[in-house]
Amino acid sequence: MKRKTRYAVLVILIVVIIIALAPFIVKPLLYTLDKESFPARFHNNADALRQQYQNSTSDISPQVQDVIDFSGPVSLNIRIHNAKQARIEMERFAKSQGSLKNLVVKLDMSESEIRELEQDTALQREMLDSLLNTSASLDMLQSLEVQYREQNNEDMLTTVRLQGEELRKKVKGMGGQYRNITERVVDNSKKFGLNTTKNEESQKYVDEIIKEIENPIETPETAVDITLTPGEDRTSLFLRPDTGRYRDIIEYQGISLTLQGNTTLRSDGKPITIYFNEIPVSTVITDTYGYYNVRIPIEHAAIGANNVYARSQTTRSINRTLTTIPVNSTTSMSVTKPYQNGTVICSGSIMANVPVKDASFQLAWDETNVLVTKTDSSGKFKRTIQLPPGRHTIIAKFTADGYPLYPSESNLLTVDVSVIPGVDMDYRFIALVLTGIVLLALFIGVTVWYIRRITRRRKTHITDLLRSIIPGMRKDKNLPASELDPDLFEPVVDEQIPDDSQKSGDDTLISWYTRLLKKYGLSEASRIVYQQIASRVAGDLRIRRHQSLTAREMARTCKGKPYCGTFARFITAYERIRYGGLSSVKDQSVFETAMEITDEQTGGEKN
Amino acid sequence: MRRIRRVFWIAGVVLLAAAFVLLLHLSTNNMEFSRYNTGWNGTSTFFSDLDRHKTIDVYEPGKLATSPANSTLLLIAPKRDPTAQELAAYTAFLDKGNTLFLADDFGTGNKILTGVDSRVTILPGSLSSLDRRYADPYSVVAYRSIENGSITVPASVALNRPAALDRGTPLMMSSVMSWIDANGNRRLNRGEEMGTFPVLVSEQRGRGRVIVLSDPSILINSMYTQDENADDRSLIRAFTGVNGTLYVDQMNSRTADAAGLSEILHVIRTTIIIEIILLCLLMLALAWAWKKMMI
């Protein structure tokens, strides 16, 4: 078969295949629907399903046959507590599936029973809401009770207590009512086989609420002697100084006297408690003269005025004011590098000229996670937190609430937690860069090796070529190109012509051609001249095996040199002489002109 | 001579086209939910419809750490128990006020929901219904159960073998003609209760939001591309066409499954070092071919 025919057959075959595949290129499914409908765990093939006729009685019936075949009363347990919604659903279903005229789903419930169940369920929900509201109101009254008790406000305390009692009585009645309704709902539901678990669970929940309301947790009462009236000067208090900054030492001192008839006695060995903003901060015992003296640093205090007084079991001093002057605080923090499991240790301190000890502060990361913690006795902290992989920001914030200090926060720190356990983010980057460098080096190395190998092979080839042309050429394997180039222009030794016709040292290419022309004719002379010029071009262009190339291939290979155009014209003239039949004088003239120019441009003159 | 050369070029082009078609065919698979599967049970069409400009495939938990606000994470058909790192990443993602959209029926969705402190549960058993799209009780039609909610969902959707959900705020529910086919015989038996079951629920979790769809099969090609399932596509777009960045979990999802040539192509595409090596080899081959041509 001819080459052309072979190609044509191949093309036709491939075109036929492409046409056959064309419909599947967009969606390349080469299988039938049957093969595509293999059973899948998660779904069915909708393409296959839509081929089937659907929603006929014969299609639906088998699916509910089990229920229909049951000899007892047919009862479908409708898992819905809202009968109204069920009715809407049924109507919608009937509308969407118009062909299902024969399907009847019957609820085994009369209208009145459905209505009763609906009413009971609504009442149940209403009572539950009311109970929850009452519980919330009681919580509020309880907190008011604590507040009024602290303020010794007996009137309001009594009012609050009475309101609470009323609410508790109301709840007791509601509890019983809810229980009755729930029992009725559960009985009715069970009768129709409905699930009553949620109802029973709600009863337990309500019982717990009522129990909590009926038996409130007693709040511890602080023993307040409401008969004491401040200002009777039976216990005195003096502050020295009465102004200070955080951690300044304030001296609290005074005297305690006891009235005995008309005599005032100094009470020795009597415990006196110092109250700072209503919080007892220290207790001291009076000496034999009734004096007491204690030195307490300013720690938890409001900025500005703070109320201070001293009291014993029977007496109370007048209120004194301690004024605090706020100072700046400084929060500092450092974070360790993340460990393998993403934990980091945050450590630092909070200072306000002196360490801020036992101070609450926030350790926040990513703005969304907050850990409230405290400093130690020297104002320092050290906490471990676990972070998920990724970049995180961590900050420590000291709000200074309850301190005569201005708030402060640390610098925002960034932590990178690696997704690969045990590899730090920086190491990963370094590893990536190193890998890239190694790959690049490998690539460059292979390329250089390959190019050198090719170049060496070509040099060897040229040397071999020259050696075959030039007798006695030295066998230097590492011959540099600079030394090679002049030699390349030496004449090629043609073994087909006798020695007396070979090119002598004095011959130029033109004179040699003239000799050859006379002796062998135009065709042979032109062939020998072509060989000489072709070898020069091949040497200059580093063309391996140029002798195996045809003259036209040589002309096509010659690119990027100024003589290539001339060389191509020379080849055209040469081919006309060699393969064009009888040569005319004009052809010879053209050839010789081209030969001279090519010889000159390829460096022939210098030889 | 010139004619032979032209035939040669035409044959070359045709051969290349044939090789391309063959590669296209071999690069697909038949794995359930695989994005590389162009068959009926793959999700190739859904993935090709995603907006590439704002969709990010998540291959490592750390990727979620850099998520901007108002992002959505799609978790489709998880196939294994989530790792502690993945759960931590999901939790952090939610804590930023983002949305986690989980589509799962019989996978490991419950483990993920528990891991992110969600109360929603995927119930066992296939949800069945007489109210259905195709001639199969598992092709359940579900209806919108909440009007004017924060999420706009279509009036109804067709599902393909869904599960039922418990807890959370129901956004879509099956009709009253539904039941959970506990024994898997596709029939309503005594003891199997009929009623409405949630199939799409939403739950506020701190600043974030968890949305659970009990059927990832609405994303498969044979459901997604049907003309009659336009509402399914609307539902999907309600969650994928969000304004923020869309993250698609590829760590623990059947959609990332690949086999054969598609797996090789996937590995090459996602491994930068292999890409570099291949580029180097290609350049070497080109250099060699060019050199040959020159000589």
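The values are calculated or read from the model by the stated rules, or taken from the named source; none is laboratory data. Everything numeric here is computed off the predicted structure, so don't read it as measured data. With ideal geometry, Cβ positions are generated from the backbone for all residues, glycine too; neighbour counts draw on all protein chains shown.
Residue-wise test of (1) acidic (Asp, Glu); (2) modelled with pLDDT under 85.
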residue	(1), (2)
A:Asp426	yes, yes
A:Ile437	no, no
A:Leu442	no, no
A:Arg458	no, yes
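The stretch B:115-167 holds no strands (runs of 3 or more DSSP E) entirely within its bounds that carry 1 or more residues that are touching a Phe, Trp or Tyr at 6+ places or on another chain (Cβ under 9 Å), at pLDDT below 90 and within 8 Å of another protein chain (Cβ to nearest Cβ). Is it the case that the stretch A:335-342 has a residue that's surrounded by fewer than 20 Cβ atoms within 10 Å (Cβ to Cβ) and in contact with a Pro (Cβ under 9 Å, 6 or more places away or on another chain)? Scanning the stretch A:335-342 turns up at least one residue that is surrounded by fewer than 20 Cβ atoms within 10 Å (Cβ to Cβ) and in contact with a Pro (Cβ under 9 Å, 6 or more places away or on another chain).
Selection of the stretch A:525-546 for residues being more than 14 Å from chain B (Cβ to nearest Cβ) and without any contact (Cβ under 8 Å) to a residue 24 or more places away in the chain yields A:Ala525, A:Ala534. Among the residues making up the stretch B:181-212, a single one is within 10 Å of chain A (Cβ to nearest Cβ), among the hydrophobic types (A, V, I, L, M, F, W, C) and closer than 25 Å to B:Val116 by Cβ: B:Phe197. Considering the stretch A:1-55, the residues that are surrounded by fewer than 12 Cβ atoms within 10 Å (Cβ to Cβ), assigned to a helix (DSSP H, G or I) and within 8 Å of chain B (Cβ to nearest Cβ) include one that is modelled with the lowest pLDDT, namely A:Arg3. Given the criteria surrounded by fewer than 19 Cβ atoms within 10 Å (Cβ to Cβ), in contact with an Asp or Glu (Cβ under 6 Å, 6 or more places away or on another chain) and either part of a loop (DSSP other than H, G, I, E, B) or modelled with pLDDT of 90 or more (or both), does B:Asn189 qualify? So B:Asn189 fits the description; yes. The single condition among (1) out of contact with any strand residue (DSSP E or B) (no Cβ under 6 Å at 6 or more places or on another chain); (2) in contact (Cβ under 8 Å) with a residue 24 or more places away in the chain; (3) small (Gly, Ala, Ser); (4) on the phi > 0 side of the Ramachandran plot that B:Gly191 does not meet is (2). Counting residues in the stretch B:237-253 that are more than 30 Å from B:Thr66 (Cβ to Cβ), assigned to a helix (DSSP H, G or I) and out of contact with any Asp or Glu (no Cβ under 6 Å at 6 or more places or on another chain) gives zero. Residues in the stretch B:100-122 that are among the aliphatic types (A, V, I, L, M) and under 14 Å from B:Leu213 (Cβ atoms): B:Leu100, B:Leu102, B:Ala103, B:Ile112, B:Leu113, B:Val120, B:Ile122.
Going residue by residue through the stretch B:217-235, is there one that turns out to be in a strand (DSSP E or B) and at pLDDT below 90? No, that holds for no residue.
What residue, among those in the stretch A:407-424 that are of a type in the set (Asp, Glu) and either part of a strand (DSSP E or B) or more than 27 Å from A:Phe381 (Cα to Cα) (or both), is modelled with the lowest pLDDT? Talk me through it step by step, then tell me what you get.
Step one: of the stretch A:407-424, the residues of a type in the set (Asp, Glu) are A:409, A:416, A:424.
Then drop every residue that is not either part of a strand (DSSP E or B) or more than 27 Å from A:Phe381 (Cα to Cα) (or both), which leaves A:409, A:416.
Values: A:Glu409: 90, A:Asp416: 82.
For the stretch A:407-424, the residue satisfying everything is A:Asp416.
Of all residues in the stretch A:284-322, exactly one satisfies the criterion of being buried (at least 16 other Cβ atoms within 10 Å of the Cβ) and among the acidic types (Asp, Glu), namely A:Glu299.
Can you pull out every residue in the stretch A:386-406 that is in contact with a helix residue (DSSP H, G or I) (Cβ under 7 Å, 6 or more places away or on another chain) and either charged (D, E, K, R) or in a strand (DSSP E or B) (or both)? Working first, answer last.
Initial filter on the stretch A:386-406 (in contact with a helix residue (DSSP H, G or I) (Cβ under 7 Å, 6 or more places away or on another chain)): A:388-391.
A:Gly390, A:Arg391, listed by residue number.
Report whether or not B:Phe20 is within 22 Å of the chain's Cα centre (by Cα) and in a helix (DSSP H, G or I). Answer is no for this residue.
Can you name every residue in the stretch B:27-41 that is facing chain A (nearest Cβ under 10 Å) and either out of contact with any Phe, Trp or Tyr (no Cβ under 9 Å at 6 or more places or on another chain) or closer than 22 Å to A:Ala20 by Cα (or both)?
First, the residues of the stretch B:27-41 that are facing chain A (nearest Cβ under 10 Å): B:27-28, B:30, B:32-33, B:38-41.
Matches in the stretch B:27-41: B:Ser27, B:Thr28, B:Thr38, B:Gly39, B:Trp40.
Considering the stretch B:91-109, the residues that are within 12 Å of chain A (Cβ to nearest Cβ) and of a type in the set (Gly, Ala, Ser) include one that is nearest to the chain's Cα centre (by Cα), namely B:Ala103.
If you take the residues of the stretch B:62-114 that are among the aliphatic types (A, V, I, L, M) and part of a loop (DSSP other than H, G, I, E, B), which of them is surrounded by the fewest Cβ atoms within 10 Å (Cβ to Cβ)? Looking at the filtered set, the residue picked out is B:Ala69.
Based on this model, can you work out whether B:Ile112 counts as within 14 Å of chain A (Cβ to nearest Cβ), touching a strand residue (DSSP E or B) at 6+ places or on another chain (Cβ under 7 Å) and at pLDDT 90 or above?
Details: within 14 Å of chain A (Cβ to nearest Cβ): no; touching a strand residue (DSSP E or B) at 6+ places or on another chain (Cβ under 7 Å): yes; at pLDDT 90 or above: yes.
Spelling it out, it is not the case that B:Ile112 is within 14 Å of chain A (Cβ to nearest Cβ), touching a strand residue (DSSP E or B) at 6+ places or on another chain (Cβ under 7 Å) and at pLDDT 90 or above.
In the stretch A:313-354, how many are among the hydroxyl-bearing types (Ser, Thr, Tyr) and within 20 Å of A:Ile250 (Cα to Cα)?
If we filter the stretch A:313-354 for residues that are among the hydroxyl-bearing types (Ser, Thr, Tyr), which is where we start, we get A:314-315, A:317, A:321, A:323-324, A:329-332, A:334, A:336, A:339, A:343, A:347, A:349.
Retained after the next criterion (residues that are within 20 Å of A:Ile250 (Cα to Cα)): A:317, A:321, A:323-324.
Going through the stretch A:313-354 one residue at a time, the tally reaches 4.
Among all positions in the stretch A:510-519, there is no residue which is touching a strand residue (DSSP E or B) at 6+ places or on another chain (Cβ under 6 Å), more than 14 Å from chain B (Cβ to nearest Cβ) and either farther than 27 Å from A:Tyr574 by Cβ or modelled with pLDDT of 70 or more (or both).
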